[in-house]
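Step one of this worksheet: look at the structure below.
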Amino acid sequence: MSALALRDVRKVYPSGDTEIVALDHAELTVDDTELVALIGPSGSGKSTLLSIAGGLLTPSEGSVTVAGEDITAYSPKRLASFRRDHVGFVFQSLNLVPFLTAFENLTVVPELTGRRGAATRKRADDLLEELGLAARRNVRSTDLSGGERQRVAIGRALMNEPCLVLFDEPTSALDTERGEQVMGLIRREMTERGLAGVVVTHDRRMTGFCDRTVEITDGHLAA
Amino acid sequence: MSVATRELRRRPGRFAFVGIALALLSTLLLLLGGLLDGLVLGSTGAFRAQDAPVFVYSADAQDSFLRSRITPAERDQIAAAPGVTGTAGLGLTLDAGRLEGTTGTDNLLDLAVMGYEQGTNVLPAPPGPGEAYADAALQDDGVTEGSTILVGLGEIPVRVVGFVDDTSYLLQPALWVDLDTWRQVQTASRPDAAVADGVVQVVLVDGTGTPESLVTAVDDATGGATSSLTRDEAIFSLPGTAEQNATFTALIGTTIFVVGLITSLFFILLTVERRSLYAAMKALGVGTGALVRWSMLQALLVAGTAFVLGGLVTLGLAQALAGQIPLLLEPTRAVVTFVLLLATAAIGSLIPLRRIIRIDPASAIS
């Protein structure tokens with residue numbers, strides 16, 4: 001079973017009397033433990049593809065299957081529930097909650113969705129341990145270093161034991177050395193956990209950390 | 001501890017402005033409510049001390065206690081009206097007096113000399129001639145049981161035989177005397193408005209049926225010579241009472257509106273600032289409801305804390321201004337203000353709801 005399968009996916013946005021095609025007949029399969037780099041210039045459709053893959057947008061045409069579940073026709077509410085249970089996100093700007101500690105940033109989504117409990121706390125502590133952040137557990141995210149914040153964001157993405165993790169430009173704000181460190185961390189964590197992922201990047205140097213690179217230009221995918 | 005409370009504890013400065021503003025508005029609300037209660041209760045105590053459901057005035061008095069005169073013949077007609085089971089006369093002279101043995105204008109006591117002939121839940125049966133039950137407010141002026149007050153221009157001696165609570169008339173503490181003593185005071189102090197034997201100003205009516213049916217029956221029986229009011233109508237017909245009520249209610253309403261405005265503006269700004277965070281939370285599967293509850297809980301906690309602070313400031317002001325302004329802090333008023341403040345703050349925090357709903361989770365992706 002593949003973690004992600006996009007079949008003949010189109011995404012069209014109306015613009016006055018015309019249409020803007022953001023994604024055109026896209027076909028993409030990501031296997032269970034595969035890490036795929038998605039590379040392309042600005043405006044090529046990377047974000048649209050990532051959003052559709054993560055259930056943030058619905059396609060205009062085609063089908064989207066994540067973890068064996070066809071989510072193409074899901075309602076926004078059902079998509080939110082699906083994302084909460086099956087998809088992990090690491091955002092470009094991380095979007096950690098600034099007044100919460102590393103531990104609390106991992107448990108904030110379960111808490112806001114009524115899933116707090118001993119199992120959640122243990123999962124968060126285990127992840128912090130595995131990410132080398134146990135000693136920084138009770139430090140507020142604003143007081144963490146850039147690398148530590150990145151690891152907290154990865155930890156948050158892994159809290160729901162996702163089938164698919166989507167990384168949005170994880171190295172865009174970092175210099176080459178730090179970018180490579182972050183990609184190394186992503187590669188290691190994904191491999192150790194046997195997870196599938198898609199890494200959106202504009203930096204070709206980072207694609208070497210992935211199993212495969214897919215290029216996107218003007219909404220068209222090319223392996 | 002929830003996300004909302006953690007933010008309040010760890011970033012108190014962010015909520016300081018709205019907290020201080022709501023504390024000041026809470027103080028204003030409590031002061032306005034306290035002044036309204038102080039003015040209205042201080043003005044109407046003498047009427048609220050009566051149990052009778054209907055107050056009968058002479059028709060030409062236009063519901064004015066001071067102008068009203070009911071003759072013995074009219075009182076007989078009232079007593080004979082269908083449904084009337086009892087009548088009692090009431091008279092009033094707004095006057096001044098001084099404690100026996102004191103001199104000078106500084107020692108003058110403002111008094112509402114009330115003549116009455118029927119005890120109530122608040123008032124004992126009328127005292128003997130030359131005796132009075134005094135409103136407890138007079139104790140602040142040194143009046144004690146056994147004191148003699150020289151009342152009015154005639155300096156008619158009245159000995160205080162006891163005290164009653166909350167019976168002021170237009171903020172003047174009452175001195176409750178029998179009708180003959182009241183007529184003496186009225187004749188001496190207001191010779192131009194002296195009342196003959198048997199004449200009273202208002203007749204209190206007890207009877208069967210509703211107060212409204214008694215009103216009609218009495219006014220019909222006197223052939224239109226009287227104008228009767230229910231107890232509540234009589235209370236609100238006291239000079240200034242309805243106007244005070246309307247004015248303070250408008251001020252309180254405006255203040256509540258400002259509470260809502262400030263709260264909603266604050267949470268609109270907070271929503272704008274949290275936009276990317278909310279988008280990320282939505283992308284991670286958090287529903288709009290949870291994000292709204294986050295804000296609403298903060299609004300309730302800030303408003304609750306502000307109310308406590310405002311309450312403390314109000315209590316301090318009440319102590320500092322005791323006796324200088326008619327401020328009466330009633331627990332019921334405090335509870336109503338608290339509930340209104342919390343409800344308005346909660347509604348204010350809901351104003352950005354549409355903005356939160358419209359935040360697209362896909363905007364979390366660059």
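The values are calculated or read from the model by the stated rules, or taken from the named source; none is laboratory data. Here the structure is a predicted model, which is why all the values come from computation and not from measurement. Using ideal geometry, Cβ is built from the backbone for each residue, glycine included, and neighbour counts are taken over all protein chains shown.
Observations on the structure shown:
- Some residue of segment A:122-144 being closer than 14 Å to A:Val87 by Cβ and modelled with pLDDT of 90 or more: no
- When segment B:238-291 is limited to residues that are closer than 23 Å to A:Leu57 by Cα and away from chain A (no Cβ under 14 Å), the one that is surrounded by the most Cβ atoms within 10 Å (Cβ to Cβ) turns out to be B:Thr271.
- Meeting the requirement of 2 or more residues that are farther than 13 Å from B:Leu99 by Cβ, the strands (runs of 3 or more DSSP E) wholly within segment B:130-188 are B:131-135, B:156-164, B:174-177.
- Some residue of segment A:176-197 being at negative phi, in contact with a Pro (Cβ under 8 Å, 6 or more places away or on another chain), buried (at least 17 other Cβ atoms within 10 Å of the Cβ) and not in a helix (DSSP H, G or I): yes
- Condition check for A:Thr191: farther than 20 Å from A:Gln92 by Cβ and polar (S, T, N, Q): yes
- Inside segment B:326-366, residues that are within 14 Å of chain A (Cβ to nearest Cβ) and part of a helix (DSSP H, G or I) make up a count of 7.
- Restricting attention to segment A:55-77, the residues being within 11 Å of A:Ala3 (Cα to Cα) and touching a Leu at 6+ places or on another chain (Cβ under 8 Å) number 4.
- Any hit, segment A:134-148, residues being over 21 Å from the mean Cα position of the chain (by Cα), surrounded by fewer than 20 Cβ atoms within 10 Å (Cβ to Cβ), more than 14 Å from every other protein chain (Cβ to nearest Cβ) and farther than 21 Å from A:Arg178 by Cβ: yes
- Looking across B:Leu90, B:Leu123, B:Leu66, B:Leu153, one residue alone is within 29 Å of B:Gly38 (Cβ to Cβ), among the aliphatic types (A, V, I, L, M) and at pLDDT below 95. It is B:Leu66.
- Residue within segment A:168-183 that is at pLDDT 90 or above and of a type in the set (Gly, Ala, Ser) present: no
- Any chance B:Ala81 is assigned to a loop (DSSP other than H, G, I, E, B) and either hydroxyl-bearing (Ser, Thr, Tyr) or buried (at least 17 other Cβ atoms within 10 Å of the Cβ) (or both): yes
- Test result for B:Ala73, of a type in the set (A, V, I, L, M, F, W, C), outside the structural domain of B:Pro326 (by TED's automatic domain parsing), out of contact with any strand residue (DSSP E or B) (no Cβ under 9 Å at 6 or more places or on another chain) and without any contact (Cβ under 8 Å) to a residue 60 or more places away in the chain: yes
- Tabulated pairs, segment B:99-117, first in a strand (DSSP E or B), second of a type in the set (Lys, Arg), C-beta under 6 angstrom, 6+ apart or interchain: B:Leu108/B:Arg98
- Residue within segment A:17-33 that is more than 19 Å from the chain's Cα centre (by Cα), free of Cβ contacts under 8 Å to residues at least 12 places away in the same chain and in a loop (DSSP other than H, G, I, E, B) present: yes
- Contacts under 7 angstrom Cβ, first residue in segment A:158-173 being away from chain B (no Cβ under 11 Å), partner in a loop (DSSP other than H, G, I, E, B), 6 or more apart: A:Cys163/A:Ala67; A:Leu164/A:Ala67; A:Val165/A:Leu195; A:Thr171/A:Asp203
- Any hit, segment B:42-55, residues being in the same structural domain as B:Asp206 (by TED's automatic domain parsing), over 26 Å from B:Ala217 (Cα atoms) and not in a helix (DSSP H, G or I): no
- Index of the failed condition, B:Leu123 passing every other in (1) buried (at least 17 other Cβ atoms within 10 Å of the Cβ); (2) touching a Leu at 6+ places or on another chain (Cβ under 7 Å): (2)
- Annotation note: Cβ proximity below 6 Å between a residue of segment B:217-229 that is farther than 15 Å from B:Thr71 by Cβ and a residue that is small (Gly, Ala, Ser) and buried (at least 21 other Cβ atoms within 10 Å of the Cβ) (sequence gap 6+ or interchain) occurs for B:Ala217/B:Ala81; B:Asp219/B:Ser228.
- Per the listing A:Thr65, A:Thr58, A:Thr72, the residue uniquely without any contact (Cβ under 8 Å) to a residue 24 or more places away in the chain and more than 11 Å from every other protein chain (Cβ to nearest Cβ) is A:Thr72.
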